[in-house]
Ligand SMILES: C[S@@+](CC[C@H](N)C(=O)[O-])C[C@H]1O[C@@H](n2cnc3c(N)ncnc32)[C@H](O)[C@@H]1O
């Protein structure tokens with residue numbers, strides 16, 4: 001087993017363990033049913049700096065390689081959450097979650113519960129397609145009897161003062177006192193330059209994405225696993241939510257970033273964006289003002 005570096009933390013009831021090894025080796029080292037939640041964003045095979053390939057076939061091969069051991073590592077009633085985007089070559093678009101779904105469907109114990117749309121504001125401005133501003137998370141449970149703590153992730157209602165207007169409960173408050181179901185469309189800023197969580201890793205996801213899943217799908221003290229942990233965002237969320245974390249990455253340089261963030265999370269100094277809605281543009285700033293040559297009114301009058 002190629003283990004070149006290992007990070008371990010065990011401070012004030014926070015436990016995490018990271019290793020510089022291949023995802024499959026790490027998964028094989030886990031006991032059957034060790035994980036309450038396996039959450040990861042695998043390499044998309046789009047030629048990123050940590051990828052030797054830009055082939056969809058390699059993405060499929062990687063899933064055939066690791067899924068049996070990933071599923072073995074999840075306890076009955078636990079969850080597999082897989083965050084992926086799209087493969088695009090020559091303007092031809094392949095939704096990677098379609099591939100993940102096809103591969104996961106070979107395992108009858110996996111039941112798809114949600115296909116979560118993660119919507120964000122920043123990305124490439126396309127000229128020959130609509131600009132991509134979402135990725136997805138497929139949430140599967142292992143078996144029919146599963147944990148889901150909705151109350152842990154409720155969000156404020158837009159109009160909390162609404163009342164039933166007809167029927168037996170007419171006149172009573174209609175909303176849940178803890179807030180509403182956050183739905184399967186999540187608006188969370190992606191981690192680009194300027195985001196407080198940004199590290200030298202080229203494609204981090206935000207800690208808030210992992211934190212929502214961890215709160216809803218695992219018990220306090222449970223175990224969260226990320227076999228392609230990159231900069232350790234899943235681990236930071238796990239530590240902050242009082243869960244144990246086991247993670248690995250093939251690249252030693254990312255292990256160092258992840259370990260530093262995990263230590264900060266334990267010490268309470270990790271930089272994490274609060275999971276709150278993005279604010280509207282500040283109209284007092286010069287960048288919010290329309291440059292004179294933008295001819296917005298002409299575009300708008302020709303719209304319809
Ligand atoms: C999409 S990134 C994950 C980013 C992570 N979610 C974060 O927030 O930083 C995928 C990661 O998988 C790692 N990786 C690629 N192939 C691997 C393998 N076979 N085993 C372990 N890690 C691998 C890459 O080095 C990269 O850091």
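Since every read-out is calculated from the coordinates, none of them should be taken as a lab result. Predicted model, so just to flag it, every value in this text is computed and none were measured. Virtual Cβ from ideal backbone geometry, glycine too; neighbours counted across all protein chains shown.
Packing here is the average count of other Cβ atoms within 10 Å per residue, and on that basis the peptides 162-169, 175-182, highest first, run 175-182, 162-169.
Between residue 88 and residue 24, what is the label-point separation in nm under the 7 Å Cα-to-beta-carbon projection? Placing both labels 7 Å beyond Cα along the Cβ direction yields 3.1 nm. Considering only beta bridges that DSSP places wholly inside the chain, some 60 percent are antiparallel. Neighbour counts of C-beta atoms inside 10 Å place 186, 173, 82, 16 in the sequence 173, 186, 82, 16, starting with the fewest.
Neighbouring Cβ atoms within 10 Å as the yardstick, rank 18, 278 fewest first. Show your work: numbers first, answer last.
On the way: 18 26, 278 11.
Placing the least packed residue first, the sequence is 278, 18.
Take the Cβ atoms of residue 252 and residue 65, set R0 to 22 Å, and the FRET efficiency comes out at 0.55.
Quick one: pull the percentage of alpha-carbon pairs in the range 7-303 with a separation above 24 Å. Could the numbers behind the result be given before it?
Details: 24750 of 43956 pairs.
Pairs farther apart than 24 Å: 56 percent.
Our estimate of slack between residue 267 and residue 56, defined as 0.36 nm per intervening residue step minus the Cα-Cα distance, is 71.9 nm.
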